[in-house]
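Trainee: Dropping the structure in here first, questions after.
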Amino acid sequence: MRSHRARLAGSLLTTAVWASLSIAIAAQTAGVHPISGRRIAPVMGYQGADWLERPERFEEEDPETALDVLKIRKGDAVADIGAGSGYMTVRLAKRVGPTGTVYANDLQPQMLDMLKERIAKAKITNVVTVAGTVDDPKLTDASVDLELLVDVYHEFRQPQAMLRHLRTALKTNGRLVLLEYRKEDPTIPIRLEHKMSVAEAKLEVEAEGFSLTKVDESLPRQHILIFSVTPSR
């Protein structure tokens with residue numbers, strides 16, 4: 001009985017959270033990816049930052065396991081693309097250590113303000129905030145070892161242009177990593193447009209000069225999709 005009640009409470013909480021998020025979704029006409037035909041999800045506004053910090057996120061997404069899979073090294077330069085309020089940024093900062101750098105990128109100045117306040121309170125000094133645009137993350141060419149996109153790629157308004165800039169920002173042997181909720185699993189309580197299948201991600205990202213090198217399914221609900229830059233012929 002207790003487990004049934006817990007499941008029911010969790011289901012009601014998920015419904016309530018998604019309902020509250022509806023006011024934080026930017027009002028815009030959803031686009032369609034020209035290659036895959038995937039419907040592009042609306043962008044979550046800064047008003048939905050509480051969703052990024054929800055207590056159950058640690059259990060649902062297991063961020064530390066995700067970072068373990070990536071084997072981030074001390075001294076690495078890492079870009080947290082769509083960093084939001086900094087949920088992953090602070091974890092990345094610890095992984096790269098004082099000799100590394102995390103470039104925390106976001107479109108929304110309000111999100112970056114939240115992130116700056118967070119790292120200031122935590123006395124984190126190896127994070128650089130970067131204000132991007134819808135088609136350019138504003139990273140220096142050949143500057144980062146890893147680009148991490150956690151539940152953000154599916155919201156890119158101009159995914160092709162963004163991927164091209166992300167490709168040029170990677171160092172030799174750098175990696176682009178997407179964490180995306182599994183569209184293949186209908187039981188995951190996330191709206192369809194906020195999920196991606198491996199096939200969709202592979203089709204879209206490889207079209208912009210990347211190769212899918214690893215699919216890891218260690219996480220409870222998300223794919224870990226690791227891409228490298230396709231060598232020029």
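The values are calculated or read from the model by the stated rules, or taken from the named source; none is laboratory data. What you are looking at is a predicted structure, and each value in this text was computed from that prediction instead of being measured. Quick reminder, even Gly has a Cβ in these numbers, built from the backbone with ideal geometry, and neighbours come from all protein chains shown. Note: accessible area is taken over every heavy atom of the protein model, side chains too, but ligands, DNA and RNA are not part of it. Shrake-Rupley method; radii C 1.70, N 1.55, O 1.52, S 1.80 Å.
Trainee: Considering segment 168-186 alone, what residues qualify as being surrounded by 15 or more Cβ atoms within 10 Å (Cβ to Cβ), out of contact with any helix residue (DSSP H, G or I) (no Cβ under 8 Å at 6 or more places or on another chain) and under 27 Å from GLY48 (Cα atoms)? First the steps, then the outcome.
Mentor: Start the filter on segment 168-186 by keeping residues that are surrounded by 15 or more Cβ atoms within 10 Å (Cβ to Cβ), which leaves 169-171, 174-183.
Pick out the ones that are also out of contact with any helix residue (DSSP H, G or I) (no Cβ under 8 Å at 6 or more places or on another chain) and you get 169-171, 174, 182.
Once the filter is applied, which keeps residues that are surrounded by 15 or more Cβ atoms within 10 Å (Cβ to Cβ), out of contact with any helix residue (DSSP H, G or I) (no Cβ under 8 Å at 6 or more places or on another chain) and under 27 Å from GLY48 (Cα atoms), segment 168-186 yields only ARG182.
Trainee: Also: Has segment 134-144 got any residue that is in contact (Cβ under 8 Å) with a residue 24 or more places away in the chain and farther than 26 Å from ALA201 by Cβ?
Mentor: No, segment 134-144 contains no residue that is in contact (Cβ under 8 Å) with a residue 24 or more places away in the chain and farther than 26 Å from ALA201 by Cβ.
Trainee: Residues of segment 143-167 being in a loop (DSSP other than H, G, I, E, B) and open to solvent by less than 60 Å² (accessible area, probe 1.4 Å), which ones? It would help to see each step written out before you state the result.
Mentor: The first filter runs over segment 143-167 and keeps only residues in a loop (DSSP other than H, G, I, E, B), leaving 143, 151-152, 156-158.
The answer is SER143, ASP151, VAL152, PHE156.
Trainee: Restricting attention to segment 103-123, and to residues there that are of a type outside the set (D, E, K, R) and more than 20 Å from ASP151 (Cβ to Cβ), which single residue is least open to solvent (accessible area, probe 1.4 Å)?
Mentor: Keep residues of segment 103-123 that are of a type outside the set (D, E, K, R), which gives 103-105, 107-112, 114-115, 119-120, 122.
From what is left, the residues that are more than 20 Å from ASP151 (Cβ to Cβ) are 109, 119-120, 122.
On the way: PRO109: 82, ILE119: 18, ALA120: 70, ALA122: 59 Å².
Checking each candidate, the answer is ILE119.
Trainee: Scanning for something in a helix (DSSP H, G or I), surrounded by 21 or more Cβ atoms within 10 Å (Cβ to Cβ), of a type in the set (Gly, Ala, Ser) and touching a strand residue (DSSP E or B) at 6+ places or on another chain (Cβ under 6 Å), does segment 88-102 turn up at least one residue?
Mentor: yes
Trainee: Quick one: in segment 129-142, of everything that is of a type in the set (A, V, I, L, M, F, W, C) and assigned to a strand (DSSP E or B), which residue is surrounded by the most Cβ atoms within 10 Å (Cβ to Cβ)? Reasoning before the result, please.
Mentor: Going through segment 129-142, the residues of a type in the set (A, V, I, L, M, F, W, C) turn out to be 130-131, 134, 139, 142.
Subsequent filtering for residues that are assigned to a strand (DSSP E or B) retains 130-131.
Values: VAL130: 18, ALA131: 13.
My answer is VAL130.
Trainee: Take segment 187-233 and flag every residue that is assigned to a loop (DSSP other than H, G, I, E, B) and either of a type in the set (Gly, Ala, Ser) or open to solvent by less than 40 Å² (accessible area, probe 1.4 Å) (or both). Steps first, please.
Mentor: The initial filter retains those residues of segment 187-233 that are assigned to a loop (DSSP other than H, G, I, E, B), namely 187-191, 197, 207-209, 217-221, 230-233.
Once the filter is applied, which keeps residues that are assigned to a loop (DSSP other than H, G, I, E, B) and either of a type in the set (Gly, Ala, Ser) or open to solvent by less than 40 Å² (accessible area, probe 1.4 Å) (or both), segment 187-233 yields ILE188, ILE190, SER197, ALA207, GLU208, GLY209, SER218, LEU219, SER232.
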